[in-house]
Each structure stands twice: as structure tokens, then as C-alpha cells.
1. List the trypsin sites (Lys or Arg not before Pro) in the stretch 1-70 that DSSP assigns to loop (not H, G, I, E or B) and whose Cβ has at most 15 other Cβ atoms within 10 Å. Which are they?
2. Using square roots of five times the C-alpha gyration tensor eigenvalues, list the equivalent-ellipsoid semi-axes of the stretch 61-227 in whole Å, biggest first.
3. Only sites in a loop by DSSP and with at most 14 other Cβ atoms within 10 Å count here; which chymotrypsin sites (Phe, Trp or Tyr not before Pro) in the stretch 145-181 make the cut?
4. So what's the stretch 3-55 giving for Rg/Rh, alpha carbon basis, Kirkwood Rh from the mean inverse pair distance?
5. Mind checking the stretch 1-92 for GluC sites (Glu not before Pro) that DSSP puts in a loop (not H, G, I, E or B) and that have at most 14 other Cβ atoms within 10 Å?
6. Mean-square fluctuation check for the chain, GNM, Cα pairs under 10 Å: which of L110, L88, L161 is largest?
7. Tell me the relative contact order for the chain as a rounded percent, counting alpha carbon contacts under 8 Å between residues six or more apart.
Amino acid sequence: MRLDRFIENTLSYSAQTVRHLFAERKIFLNGIAVDKGRHQISAFCRVEVEGNSLQARTPAYLMMNKPKGCVSATSDIKNMTALDLIDLPNKNDLHLAGRLDFNSTGLLLLTNDGTWSRKITQPQQKTPKTYWVETLDEITAEYASKFSAGMYFRFENLTTLPAELKILSTNTAEITIYEGRYHQIKRMFGFFQNEVIALHRLSMGKIELDPNLLAGEYRNLTEVEISSV
Ligand code: URA
């Protein structure tokens, strides 16, 4: 949005009043006095008019190590949510960039920047997501070829993108998928009637879960992590 329109709308000032304020150098954009209204502003630009702040939302980007038994949501009438675990004044501005099932654990991203979260979650980006998985029964080499060929999901009438499987032990593996269908990994193992008993997300794109975070803990993303998206 243009800066002058934003000020007119927010303060219900006429275009002429706002032009005068510009001329009098009473409008500051990100701390700098500006004399023209045609600057484009985003939700994160700092705007001050005659000493009053109209908008000072600072972007926030967090990673959490989601615990078991917690809903990937910002509110829920019954269960604890990821947001309940956060103790920050601006927490109600946050939303989730991707979800995990109730009993899945690991990397969960939260932000107040919708442009950023769309980039990491939109299907066209094919962001790789890597999980550690433990199953009830043995994982055999046959799984890897089936997963890499793509699997047909009747409900959505689609074939999953090729996924990579690295078998770690009889019942554990690392799996990388490039989309996020409903219960995707459980359904992929379900094809072999093999139940997933633990699922832990290790990474999304270049962002890896910080090994220092205990279940339920969170931290700010670094500049490098933010700009990797
Ligand atoms: N696939 C699943 O089945 N569950 C998750 O939480 C994430 C991916």
C-alpha cells in the first residue's frame, strides 16, 4: 500500500492534510522523515505521524521443538496448542508455517510474516521436509523403491512426488518428502500395513531443528535461516 493512502485511511485525514504533513516533515518512515507519499509500505514498516506511531510491527520468526500431544494450531478448545507454549507479548500475531500431527514431534515454524510462510509452505516450492520415523514392523528396501516411484492416494486422486528413504535400522528410517498431504507419511507406511509409532521432523528446506531445543522449547530464527526461505 502507498504510504499516503495508509495514513489517510488510518487517521481519517484528507489527502490535502496528509500532503501538508509531508511538506512539514512530520511523517517518518522507518525512522526517516519523508516528503512524498508514494512510498510502498508493508506490514513491517515503521510509520510515525506527528510523533505518534501508526504501525510498528516487527517481524517475528521462531522455531519450536513441538512436543507430543500438542495441536499445531493457534487455538483449540480441548488440547494444548503450540501457541500455548509461547511466552511472548506478540504471540497472538503468530501463525504456523506448516503443521505436524498431534503426536508428531520436532521442527515447527511460527511467524507473523505471511509472505514468508507462504513461500515455505506453498506446494509449488516443493520444500523438502525430512523426518525421523519409527515403525512397528520392519522397514524393507521395497519401501524405498515404492516411495521414490510416488504413491497413489485414492482420496485425493493424486500420486505423491518421489520421496527419499534412508533406512537406519530395522524399524527406523529418515524420509524426505516434497509436499505435505494429510497424514502423508503415516499413509505411505500404511500402504505396507506398517504403523508409524513415532514421527519427528528434522528439517524444512535449509532450516534444521536446533538440537539444543528440548520438547516444547523455541528460539528465534537466525538471519541466515530466515533468508534461506
Ligand atoms: N506426515 C504425517 O503423517 N504426519 C505428520 O505430522 C507429518 C507428515
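Nothing in this text is a laboratory measurement; each read-out follows from the coordinates by a stated rule. Keep in mind it's a predicted model, so treat the numbers as computed, not measured. Here Cβ is always computed from backbone atoms with ideal geometry, including for glycine, and neighbour counts include all displayed protein chains.
1. Those that pass, being in a loop and sparsely packed, are R25, K26, K36, R38, R57, K68.
2. Semi-axes (√(5λ), whole Å): 28, 17, 15.
3. Taking the stretch 145-181 and a limit of 14 other Cβ atoms within 10 Å, the loop chymotrypsin sites (Phe, Trp or Tyr not before Pro) found are F155.
4. Rg/Rh: 0.90.
5. Here the sparse-neighbourhood loop sites are E24, E50.
6. L88
7. Relative contact order here is 19 percent.
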